[in-house]
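The next block holds one structure in the form of C-alpha cells; read it before the comments.
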Amino acid sequence: MPKQSGRRDFLRKSMAALGGLAVSGGGLAACANKAQAQQMQGQLLGPSFKAGHLLRKGITVEPTEVEEQEVVIVGGGASGLAAARWLKKHSAKKILLLELESETGGNAAAGKNGHTAYPWGAHYLPLPNNSFTELLEFLQETNVITGFDGEGLPNYNEYYLCFDPEERLYIHNYWQEGLVPHWGVPEADQQQIARFQQLMEELKQAQGKDGKFAFDIPLGHSSADVQYRDLDKLTMLEWLQQQELTSEYLHWYVDYCCRDDFGSSIAHTSAWAGIHYFAARKARAANSESHRVLTWPEGNNWLVQRLRESCADSIRTNAMVYRVGEQEGKVVIDYMDLRTQQYKRLLAKQCVMATPQFVNQRLLSALPALLDSRNLRKFNYAPWLVANLTLKDVPRSKGFGLSWDNVIYGSKSLGYVYANHQQVALFPEKKTITFYHALADEAPAAARGKAYGSSYDTWKEFVLQELEKAHPSLREQVEQLDVWVWGHGMIRPTPGFIWGQDREMANMPYADKVYFAHTDLSGISVFEEAFYQGVTAARQLLSSKLA
Amino acid sequence: MAKDSLLLMRINVKALLLFSVFVVATCGLVYELVAGTLASYLLGDSVTQFSTIIGVYLFSMGIGSYLSKFFNRNLIAWFIQIEVLVAVVGGLSSSILFLLFNQVASFRIVLYMLVSLTGILVGLEIPLIMRILEDRFEFKDLVSKVFTFDYIGALLASVVFPLLLVPYLGLLRTSFFFGLMNAGVALWLCFFFSKEISWTRYLKTTCMLAIALLVAGFILSDRIMSFAESMAYADKIVYSVQSPYQRVVLTKNEHELRLFLNGNLQFSSADEYRYHEALVHPGLNAVPNPRQVLVLGGGDGLAVREILRYPGVEKVTLVDLDPEVTKIFKSHASLVALNQESLLSEKVEVINADAFQWLRENRKQFDFVVIDFPDPSNYSIGKLYSNVFYRLLENTLTPEGKVVIQATSPFVAPKSYWCVVNTLQSCGFSTLPYHAHVPSFGDWGFVLAQRKTNWQLNPDYPKELKFVDAASFAQMAVFPKDMPRVETEVNKLNNQVLVHYFEEEWAQFVN
C-alpha cells in the first residue's frame, strides 16, 4: 500500500507540475494573442451605406430651395469627371457635378498611411491603344505621356510605367516570375497554354468585314462583324471547350483574368468579353513593351485626381441625388446635402447621369417613359472585397522576389498588389499590400448579402488565410488590416449582355436633355471605358439641338 | 540539502524510471524542434525542413528500437550510458550546426547525421526502460504508463519550446539546458542504482564530465554564437553591427582592415587607395575650379578623403542611407585613421537618406558627383542605376560638371558594365569609360559622364597620389582586346535589365 500511495503521489505531483506549466504556457499564449490583437488594428470600410439605405427607402420631399444650372452631372466617378473635363474644355457651359461621397473618384478610391498611399479599388491603366486619341491627349496633359518619338509613338513617364519586377505567381510552393503558370506545369498543359496565347495573338490582329478590329478599346470601336460578335452568346468556358483547350492550368489562368477584370468566373463571363481582355490591347510605345501598365501607389485615384483638377470649381460633394425628373422643359434634380441635411432642387437645361444603372432605376422613377424603354434590371454587378495591410515586412519565400502584382495559383482570390512598388526609395520603412477578391462564386445578390452581412473579424480572418497560403508567417507582420466592401464592385459581362439590346437601349439619351455615362453601359468596368463614356456623353450633349 | 536528497532517495524506483521516460521524451522532442528551427533559419523553407527532420528523427527512433534487442545485460547501466550520450549529442547539436554551417560543403549531411544519431539514441531508450520495468509492472500497466509519460513529455516540449525556450533562452542555450536535464537524470540514476549496477564509477565520472561540458556551453553560448559568425570571415572581427539595412562587419589582420556589408567585401585597407584614387581623381581633376561636390553612397569617407585633397572644394555633401556606416567611420579609431578624419571635416555634411529620394528633391547644383553604390545585385539597388535616376543628374550638375559612377567589373560582367555606359548615353550624357586593377576586387570599372561632348582632362594630378597620374590614366581608358564594348539594352525602372545581366554574369563567374 505505501508503494501505491507513493506512485499516486508522484503522479499527482507530476500532473500538477505539468498543469502548472500548461496554465503558465496558456497564460503566456493568451498574452501573446492579446499582444498580437492589440498590435493588429483595422476597420471595415465601404461606400456610403447610409445613403444607399435612404435611397432604397425612397425620399419624397419636395425641396423649396431651387437653383438654376446649365448642365448638371450626377455622379463623380471616372466617367462623370471625364464628362465634366470634356465640357469644360470644349464649351463655355456652366456645369455642376454632384457627388454622393465626400470625395469624387468612384471605384478609384484610395487611402493613405504614414508611409504610402494605397488603392481601395481600380489600380492600374494598361497602355492605351494609340487610336484612342482622346485618352492619349489627357495623358499628355497630365505628363503621363512626356512626348512622341519620330514615329509618333508616345514616350511614357517612367515613374508611372510599372517598375520591374511586375508580376509573380505562387505555384507548387514556389514564386515564379510572371502570371502565366509554368513552374512545374506538365508539358501537355504548357502546349495548350502556348496554343491559347497564339490564338489570342491572332485575334488581337483580327479584323471584321467592316475593316475594324474584332476587339478594340474603347469597346464601341470593335467590329460589328457577327463572326466575332456571336462570341458574346457563349461563355468563356464554352469557348475554351470548343477550342479543345481543357488544361486545368490554362482554365485557372483565364478564370483568374476574368475574375480580375470582370468579377465573374469563366463559367459566367461572355466569351467575347473574355477574349477582349486578351485581344483588345495593342498599344505601341516608344519606351515600353506593349503589354505594360501605368500605375501609381494610390492606383487610379491618381488619374481621377487629375480629372478632378480640370473641373474642381464645379463640384459639390456630399450631395445625395434622390430624384431626377422633368418640369417645363427642364431637368429637375432633387438632392439632399448630407452635411446640412437640407433638401435642394436644381433646374438644369441638360443633365448627364454618370451613375450606375441600378441607381438610375431608382433616381429616374419620375420619368416612367424613360424607364419603360429600358430594362435596367438586366445590369448586374459583382461585389468586391479589398483589404489593405500594413506590414513590418513582406515575408520572404522561395523563388522570385516581391513584385508589383503577386498572385497565388489555385486561390479564388486575386492576390495582392504591393503599394510601395512605385516608390523610388530602396527600403520603405513599412510595406503596404492591397488584397483583392471578387465574390464571383455565388449569384451577385446572395454574394452581396454575405459581403455586407459579414463582420470585420470574419473578413480579416478570410484575408489572412488567403495570404497565408503563400506566406505562412504573415500574421505576425501585420500592423494594420482594413477591409473595404464594394457591394456593386463592377458590371458583369454575362453572355449576351455586351452586344444585347438592354445595354444598347440604356445608352440612349433622353429627349436631348438627359445623357448617360457609366462603365456599366460599356459592359466592362475599366478606366478606359469610363473615360470614353464621359467623353461620348459630353459630345452628344454638345451636339444636341438644344445646344 | 541532506534532507532533500534523503527524500529523493525514498522515491519509488518505478516512479523514478517513469520520470526519466518523461525527461527523455521531452528532451528528445526538444532536440528535434531545435534541429528543425535551426535548419529553417539557416536553409530557409521551414515546411521542407520541419517535415524532413521529423521524418528522419522518427525513422531513426525506429532504428534505435530495433537495435535495442541487441542489449541483453546490464540494462540499467546501458540506459544511463545512453542517457549521457543523448545529453552530449543533443546538448551540443545546435552549437555544432551553427559552427559548421559555413565550414562544410554539405551542411545537410551533418544536419541529418546529428538528427539520426539523436533519434537512434532516444529510440533505444524507451524499449530499454520498458524491459527494465518489465518485472515491476503488469504488461498492460507497463505499456500504458510508459507511453503516457512519453506523450506527456512530447506535449510539454512542444508547448514550452515556442513559448518559453526560443524567446527566453535561444536555440543554443535551449539545447544545453535539455542536455543538462538528460545528464542530470543519468547522474541521479547512477546514485539511485549504485548498488545494482556495474561500472558505477565510470558512469558517474562520464555523467559529471558531461554536466561540466554542458554547463560550460550554456554559459558560453553567446561567445559560441559570435565565434560561429566570425568563422565566415578569414580574419578577426573587430566590429560588427546589424543596421536596419545591412550587417556591417569590420575585420582586421596584421596587414589590413576589411569592411563587409552583408558579407560582401567593400574594401581592404591594403589597396583601397587604388579604388578611391581611380574613382575620384580623373574626373574631379578635370573640373575647372570645383567648389561643390556630392557623394552618393560611399559612407566610408574614403572617396571624401580624396576629394578633400583639392583645397578649392568648399563643401562635400555625402548622402548615405545607413547611419551605422557613417557613424563608425566617424568614430572607430582605425577607420578614422584610414579616411583621415574626412567625415569629421568642417567642409563635409553627412546626410543619412535614400539617395534616389534625396536627389529627386534636391535643387542644388554640384561641380562633381561621385556615385559609389553597391553593385546592382537586386531590384532595389538596380533602381539607382536606371535612366530615370541618371536623368535626375542633369539638373544636379553645373554646366561644366562631371559625374563618376562605379560600375562593377568590365572583365567579369561586361554586359553589366556597358549597360551602365549605354544607359548614361541614352540620357544624353557623353561618357568616358575606364577601368583599373584593384587586387582585392580584380579589374574594376568606372564611368565618367558629362553634358558636353569633348573631354579635356588635366594631366597634373595632386602629387601625393600613390596610383593615379596622367600616364596610368591613359592606360585605364584603354580596353584591351579581351574586354571589348558589348551591346546592351538601356536599364529602365520598367525592365531592370541590369539586375538580370549582373545576376547572370556573376553567377557564371562564381561557378
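The values are calculated or read from the model by the stated rules, or taken from the named source; none is laboratory data. Just so it is clear, the structure is predicted and the values come from calculations on it, not from any experiment. Methodologically, a virtual Cβ is constructed for each residue, glycine included, from the backbone with ideal geometry; neighbour enumeration extends over all protein chains shown.
Tabulated data
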{"item": "Counted residues, the stretch A:212-229 - those being in contact (Cβ under 8 Å) with a residue 12 or more places away in the chain and out of contact with any strand residue (DSSP E or B) (no Cβ under 9 Å at 6 or more places or on another chain)", "result": "10"}
{"item": "Subset of the stretch B:403-430 [among the hydroxyl-bearing types (Ser, Thr, Tyr) and crowded, with 19+ Cβ neighbours inside 10 Å]", "result": "B:Thr408, B:Ser409, B:Ser416, B:Tyr417, B:Thr423"}
{"item": "Checking B:Val160 against (1) surrounded by 15 or more Cβ atoms within 10 Å (Cβ to Cβ); (2) touching a residue at least 24 places away in the same chain (Cβ under 8 Å), the condition it does not meet", "result": "(2)"}
{"item": "Test: B:Val56 is away from chain A (no Cβ under 14 Å) and touching a Phe, Trp or Tyr at 6+ places or on another chain (Cβ under 7 Å)", "result": "yes"}
{"item": "Neighbours by Cβ (under 7 Å, 6+ apart or cross-chain): first from the stretch A:395-410, on the phi > 0 side of the Ramachandran plot; second surrounded by fewer than 20 Cβ atoms within 10 Å (Cβ to Cβ) and at pLDDT 90 or above", "result": "A:Gly399/A:Tyr174; A:Gly410/A:Trp252"}
{"item": "Only listed residue being under 25 Å from B:Cys207 (Cα atoms), out of contact with any Ser or Thr (no Cβ under 8 Å at 6 or more places or on another chain) and surrounded by 14 or more Cβ atoms within 10 Å (Cβ to Cβ), chosen from B:Leu29, B:Leu67", "result": "B:Leu67"}
{"item": "Hey, B:Lys383 more than 14 Å from chain A (Cβ to nearest Cβ), within 30 Å of A:Gly401 (Cβ to Cβ) and in a helix (DSSP H, G or I) or not", "result": "no"}
{"item": "Options A:Pro119, A:Pro218: the member that is away from chain B (no Cβ under 14 Å) and over 30 Å from A:Leu481 (Cβ atoms)", "result": "A:Pro218"}
{"item": "Residue ID - farthest from the other protein chains (Cβ to nearest Cβ), chosen from residues in the stretch B:364-380 that are touching a strand residue (DSSP E or B) at 6+ places or on another chain (Cβ under 6 Å) and surrounded by 15 or more Cβ atoms within 10 Å (Cβ to Cβ)", "result": "B:Asp367"}
{"item": "Matching helices (runs of 4 or more DSSP H) fully within the stretch B:245-360 where at least 1 residues are within 19 Å of B:Glu464 (Cα to Cα), of a type outside the set (Lys, Arg) and in contact (Cβ under 8 Å) with a residue 24 or more places away in the chain", "result": "B:272-284, B:302-307, B:333-338"}
{"item": "Number of the condition not met by B:Glu361 [criteria: (1) of a type in the set (Asp, Glu); (2) farther than 28 Å from B:Gln508 by Cα; (3) more than 14 Å from chain A (Cβ to nearest Cβ)]", "result": "(3)"}
{"item": "From A:Gly184, A:Gly211, residue being loosely packed, with under 15 Cβ neighbours inside 10 Å, modelled with pLDDT under 95 and outside any strand (DSSP E or B)", "result": "A:Gly184"}
{"item": "Any hit, the stretch A:278-290, residues being within 21 Å of A:Gly52 (Cα to Cα), more than 14 Å from chain B (Cβ to nearest Cβ) and touching a strand residue (DSSP E or B) at 6+ places or on another chain (Cβ under 7 Å)", "result": "no"}
{"item": "Every pair of residues 6+ apart whose Cβ atoms lie under 7 Å, when the first sits in the stretch B:96-111 and is surrounded by fewer than 12 Cβ atoms within 10 Å (Cβ to Cβ) while the second is at pLDDT below 80", "result": "B:Gln103/B:Met231"}
{"item": "Members of the stretch B:251-277 that are of a type in the set (A, V, I, L, M, F, W, C) and either under 18 Å from B:Gly297 (Cα atoms) or within 14 Å of chain A (Cβ to nearest Cβ) (or both)", "result": "B:Leu259, B:Phe260, B:Leu261, B:Leu265, B:Phe267"}
{"item": "All positions within the stretch B:390-408 that are more than 14 Å from B:Gly297 (Cα to Cα) and out of contact with any Gly (no Cβ under 7 Å at 6 or more places or on another chain)", "result": "B:Tyr390, B:Arg391, B:Leu392, B:Leu393, B:Glu394, B:Asn395, B:Thr396, B:Leu397, B:Thr398, B:Pro399, B:Glu400, B:Gly401"}
{"item": "Which listed residue, of A:Thr519, A:Thr536, is closer than 26 Å to A:Ser270 by Cβ, among the β-branched types (Val, Ile, Thr) and in contact with a strand residue (DSSP E or B) (Cβ under 7 Å, 6 or more places away or on another chain)", "result": "A:Thr519"}
{"item": "Evaluation of A:Glu248 against (1) within 14 Å of another protein chain (Cβ to nearest Cβ); (2) more than 15 Å from the chain's Cα centre (by Cα) (one fails), failing number", "result": "(1)"}
{"item": "Enumeration of residues in the stretch A:150-181 that are within 9 Å of chain B (Cβ to nearest Cβ) and either at positive phi or outside any loop (DSSP other than H, G, I, E, B) (or both)", "result": "A:Tyr156, A:Leu161, A:Asn173"}
{"item": "Residue list for the stretch A:386-402, filter: in contact with a strand residue (DSSP E or B) (Cβ under 7 Å, 6 or more places away or on another chain) and surrounded by fewer than 24 Cβ atoms within 10 Å (Cβ to Cβ)", "result": "A:Thr390, A:Leu391, A:Lys392, A:Asp393, A:Val394, A:Ser397, A:Lys398, A:Gly399, A:Phe400, A:Leu402"}
{"item": "Residue that is aromatic (Phe, Trp, Tyr) and in a helix (DSSP H, G or I), where the choices are B:Tyr461, B:Tyr434, B:Tyr501", "result": "B:Tyr501"}
